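Only one structure is covered here, and it is reproduced in the block below.
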Amino acid sequence: MSSTPETLSADDQQRAQKLVAACNKVRSEVARVIVGQQDVVEQLLIAILARGHCLLEGVPGLAKTLMVRSLADAMTLSFHRIQFTPDLMPADITGTDIIQENRQTGHRDLVFDRGPIFTQMLLADEINRTPPKTQAALLEAMQEHKVTVGGTTYTLEEPFFVLATQNPIEQEGTYPLPEAQRDRFLLNVIVDYPSRDEEGQIIDRTTSTQSATPAPVVSGPEILECQATVRLVPLPAHVRNFVLDLVRSARPKDPASAAWVREQIDWGPGPRASQQLVLAAKARALLKGRYHVTLEDVETLALPVLRHRIVPTFSAEAEGVSVDDLIRRLLREVPRPDRKLL
């Protein structure tokens, strides 16, 4: 039997209602600029509410950068964009110590010149266009929300998010993110083409005199309160067991894994996948107006949480089996635990 409460207290429910109202305001403001892409915006909000980072993949021209910028504007967060290039150095991101002379005394001191990472929402544009050494400059900030330069550690202002983009179709001159860095992202979101009607609206908006800018509707302290509320959402025992079964079933070295998993998956997700799948599911539950997590929340978020944490085998790739195909098969085959186990 689990001692976890089945729902939030009355006070916590009020906080959750404020969270939903705040997110609806953000969605409305972003929709003034971005046509469609509701699922993508929702997943970005889920990552933010779960105190995670997000990796957006899509071909050029799908307004990924504009979407992130609009989100920052609607949330009254400080925003910096870094355009990743092959010649970008770690110090270009974190900052560096410089010698500064006091004109009155003539004395010279080392002064830390802060880099663009000192912000609340960081857009890492085309993150796969810079070498691994520079990509790794984000690791400490993403995990610890701190930056260490010259032996001194600086704490970043909360809330802090990294929203990175990469182009999946160009391989020349790119540096794929190492597995350890991909694992730091809560979600890997695929940005797809708009529908015909949505593309028509985009044409109308961008080729006329129409213009819109998101109004700031949510503050940083309010976002921190929302993040705290998300962690209060109860996790039923049967949902917890399903998360464990789903993630562990994707590990080819697990004794309980299926034969096809050992043949088609070279490396499976670690415990961080289970943690972040639960947090993302809690955030989604609140956005849907519920005060507890359901299996539907986990099933819906399995793809963006797991797709960057599973490495297929060479034979699977040769057969044209994608990571998303593998996750969908796992979702079909992993049994749903009985709610009576609560």
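The values are calculated or read from the model by the stated rules, or taken from the named source; none is laboratory data. Everything numeric in this text was worked out from a predicted model, so none of it was measured. Glycine also receives a Cβ, built like all others from the backbone with ideal geometry; neighbour counts cover every protein chain displayed.
Can you give me the number of residues within the stretch 120-129 that are in a loop (DSSP other than H, G, I, E, B) and free of Cβ contacts under 8 Å to residues at least 60 places away in the same chain? Walk me through how you get there before you give the answer.
From the stretch 120-129, those in a loop (DSSP other than H, G, I, E, B) are 120, 126; that's our starting set.
Among the residues that remain, those that are also free of Cβ contacts under 8 Å to residues at least 60 places away in the same chain are: 126.
Summing the residues that are in a loop (DSSP other than H, G, I, E, B) and free of Cβ contacts under 8 Å to residues at least 60 places away in the same chain in the stretch 120-129 gives 1.
In the stretch 180-198, the residue that is modelled with the highest pLDDT out of those that are in a helix (DSSP H, G or I) and surrounded by 13 or more Cβ atoms within 10 Å (Cβ to Cβ) is R182. Sort out which residues of the stretch 81-92 are surrounded by 11 or more Cβ atoms within 10 Å (Cβ to Cβ) and farther than 23 Å from I223 by Cβ, and write them in order of number. Across the stretch 81-92, the qualifying residues are Q83, F84, T85, P86, L88, M89, P90, A91, D92.
Show me the helices (runs of 4 or more DSSP H) found entirely inside the stretch 34-119 where at least 2 residues are more than 22 Å from the chain's Cα centre (by Cα) and touching a residue at least 12 places away in the same chain (Cβ under 8 Å).
By residue number, 90-94.
Of all residues assigned to the stretch 2-12, none qualifies as being in contact (Cβ under 8 Å) with a residue 12 or more places away in the chain, assigned to a strand (DSSP E or B) and not charged (D, E, K, R).
Considering the stretch 109-151 alone, what residues qualify as being of a type in the set (A, V, I, L, M, F, W, C) and more than 19 Å from E179 (Cβ to Cβ)?
Step one: of the stretch 109-151, the residues of a type in the set (A, V, I, L, M, F, W, C) are 110-112, 117-118, 121-124, 127, 136-139, 141-142, 147, 149.
Residues satisfying the conditions are L110, V111, F112, I117, F118, M121, L122, L123, V147, V149.
Close contacts from the stretch 300-316, counting a first residue that is without any contact (Cβ under 8 Å) to a residue 60 or more places away in the chain and under 13 Å from V278 (Cα atoms) and a second that is surrounded by 23 or more Cβ atoms within 10 Å (Cβ to Cβ) and among the charged types (D, E, K, R), with Cβ to Cβ under 9 Å and a gap of 6+ residues or different chains, come to T300/R284.
Of all residues in the stretch 281-309, exactly one satisfies the criterion of being of a type outside the set (D, E, K, R), under 13 Å from the mean Cα position of the chain (by Cα) and outside any helix (DSSP H, G or I), namely H308. Of the set (1) closer than 20 Å to Y154 by Cα; (2) of a type in the set (S, T, Y); (3) surrounded by fewer than 18 Cβ atoms within 10 Å (Cβ to Cβ), all apply to T119 but (3). Residues in the stretch 254-266: is at least one modelled with pLDDT under 90, under 18 Å from R332 (Cβ atoms), buried (at least 19 other Cβ atoms within 10 Å of the Cβ) and not polar (S, T, N, Q)? Checked the stretch 254-266: at least one residue is modelled with pLDDT under 90, under 18 Å from R332 (Cβ atoms), buried (at least 19 other Cβ atoms within 10 Å of the Cβ) and not polar (S, T, N, Q).
Among residues that are in a helix (DSSP H, G or I), out of contact with any strand residue (DSSP E or B) (no Cβ under 9 Å at 6 or more places or on another chain), modelled with pLDDT under 90 and not charged (D, E, K, R), A228 is included. Does V247 count as of a type in the set (V, I, T) and in the same structural domain as L287 (by TED's automatic domain parsing)? Spelling it out, V247 is indeed of a type in the set (V, I, T) and in the same structural domain as L287 (by TED's automatic domain parsing).
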